[in-house]
Every structure is written in structure tokens, then in C-alpha cells.
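No lab work stands behind these numbers, since they all come straight from the coordinates. All of these numbers come straight from a predicted model, not from anything done at the bench. Cβ atoms come from the backbone with ideal geometry, glycine included; neighbour counts cover every protein chain shown.
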Amino acid sequence: MSASVRRAPVLLEEAARLLVPVILIASVWLLLRGHNAPGGGFIGGMVAVSATALVGVTRGADAALRGLPLGALRLSCLGVLVALAAGLPALFTGAPYMTHLWGELFGVKVSTVLVFDLGVYLAVWGGLGGLCAAALGLEEDAP
């Protein structure tokens with residue numbers, strides 16, 4: 001006979017269904033706000049991890065892992081690659097690697113700082129979101 005599946009209270013499940021998109025939108029806002037101030041990618045990624053944790057608590061670790069775009073490992077690896085790529089444009093201008101550059105794209109100011117923060121955001125969300133979901137999965141497997 002299979003072990004009984006623990007379910008979160010219905011009120012928590014309904015609150016999570018409404019809160020998770022709001023939390024993810026807030027994490028993106030923090031990411032975008034931080035490109036003019038340090039730390040936007042990290043704190044935005046940590047807020048996204050909290051959304052993953054909420055999904056894991058209410059719907060289980062598998063649902064939390066499915067909620068990570070591309071999966072935990074691919075997401076974190078993509079984040080590291082994006083962060084590393086943020087330093088490459090400086091090399092084409094003769095500046096040292098990771099020298100941040102500013103420009104305009106379709107009338108919007110963009111920078112390599114934002115690209116770097118996006119990479120950090122993805123790496124944090126993938127790495128710590130996957131770790132959090134895996135830790136919640138250990139509790140599900142416990143007798």
C-alpha cells in the first residue's frame with residue numbers, strides 16, 4: 001500500500017495559487033529596479049525562490065520543479081552563461097572584461113549590468129529553487 005500524500009490546507013493552496021504570480025512579478029520588478037542599483041539580480045532571484053518554495057509546500061516538490069523554466073540545472077547553467085556573456089561586449093570595445101557599457105535599444109536605456117543581473121537572477125532561481133524543491137521532496141519521502 002502506498003504512503004498517504006500530505007496535502008496543504010485548502011486555504012493555503014488557494015492563497016498560493018493567487019500569490020505565486022504576484023511574487024514572480026515582484027521578483028522581476030526587483031530585477032529590473034536593481035539594474036540601476038546593486039543586487040537586483042540576487043534579491044529578485046531569492047524572491048523567485050520563495051515562489052518556488054510556496055509551490056513546493058502547497059503542491060509538492062515535483063510541482064515546484066516543474067514550475068522552474070527549463071528545470072533547475074538548465075536554468076542555473078543558463079544564468080551563469082548569461083552572466084559571463086555580460087562581460088563580452090566590453091572586449092569588442094577594447095575595454096577590460098566586465099566593464100559595463102550603456103546603450104539604447106528601441107528608445108530604452110539598457111546596459112550590460114542588466115544582462116549580468118539577469119544571469120544572476122536565473123542562476124539563483126535555478127540553483128536555490130531546485131535545492132529548495134529537493135529539500136521539500138526529502139520530507140515527502142520520509143515515513
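Starting from the Cα-Cα distance between A63 and L18, subtract it from 0.36 nm times their residue separation and give me the gain in nm to one decimal.
14.6 nm
Helix 72-85 versus the longest principal axis of the chain: what is the Cα-based angle in degrees, 0 to 90, to the nearest 10?
Taking Cα atoms only, the helix is inclined about 10 degrees.
Measuring from the lowest to the highest alpha carbon on each principal axis, how far does the stretch 31-86 reach, largest first, in angstroms?
That gives 36, 21, 10 Å along the principal axes, largest extent first.
Order the peptides 67-75, 94-102, 109-117 from the highest to the lowest mean number of other Cβ atoms within 10 Å of their residues.
Going from most to least packed, we get 109-117, 67-75, 94-102.
Please list, in chain and number order, the residues 5+ apart from V110 or on another chain whose amide H is under 5 Å from its amide H, with Hs placed from the backbone.
The answer is G103, E104, L105.
Evaluate E = 1/(1 + (r/R0)^6) for A26 and A134, where r is the Cβ-Cβ distance and R0 equals 25 Å; express this FRET efficiency to the nearest 0.05.
Once the sixth-power term is evaluated, E becomes 0.55.
Just from its helices, what would the mean residue ellipticity at 222 nm be for the chain, if runs of 4 or more DSSP H residues each count -39500 (n - 2.57) and the sum is divided by every residue, rounded to the nearest 500 deg cm²/dmol?
-23000 deg cm²/dmol
Relative to 2.2 N^0.38 Å, what does the C-alpha radius of gyration of the stretch 72-124 come to as a ratio? Two decimals please.
Expressed relative to 2.2 N^0.38 Å, the Cα Rg reads 1.19.
Quick one: compute the contact order of the stretch 20-107, relative version, from alpha carbon pairs under 8 angstrom and 6+ residues apart, as a percent.
16
Output the 0 to 90 degree angle, nearest 10, between the alpha-carbon long axis of helix 10-33 and the longest principal axis computed from the alpha carbons of the chain.
Between helix and principal axis, roughly 10 degrees.
To the nearest 10 degrees, how steep is helix 112-141 against the longest Cα principal axis of the chain, on a 0 to 90 scale?
Helix 112-141 sits roughly 10 degrees off the main axis of the chain.
Label points 7 Å out from Cα along the Cβ direction at L11 and L84: separation in nm?
Label at L11, label at L84, 4.9 nm between them.
If eta is 0.890 mPa s and T is 25 °C, what Stokes-Einstein diffusion coefficient results for the stretch 50-143, Kirkwood Rh from Cα pairs, in µm²/s?
Roughly 167 µm²/s, to the nearest whole number.
Which one, G45, W29, L131, projects farthest toward the positive side of the charge dipole computed for the stretch 7-143 from Cβ point charges (K/R +1, D/E -1)?
W29
Applying 1/(1 + (r/R0)^6) with R0 = 25 Å to the Cβ-Cβ distance of L70 and T99, what FRET efficiency is obtained, to the nearest 0.05?
Step by step, r from the Cβ atoms, then E = 0.30.
About its Cα centre, what dipole magnitude does the chain give when the only charges are +1 on Lys and Arg Cβ and -1 on Asp and Glu Cβ, stated in debye to the nearest 20?
Result for the chain is approximately 160 debye, rounded to the nearest 20.
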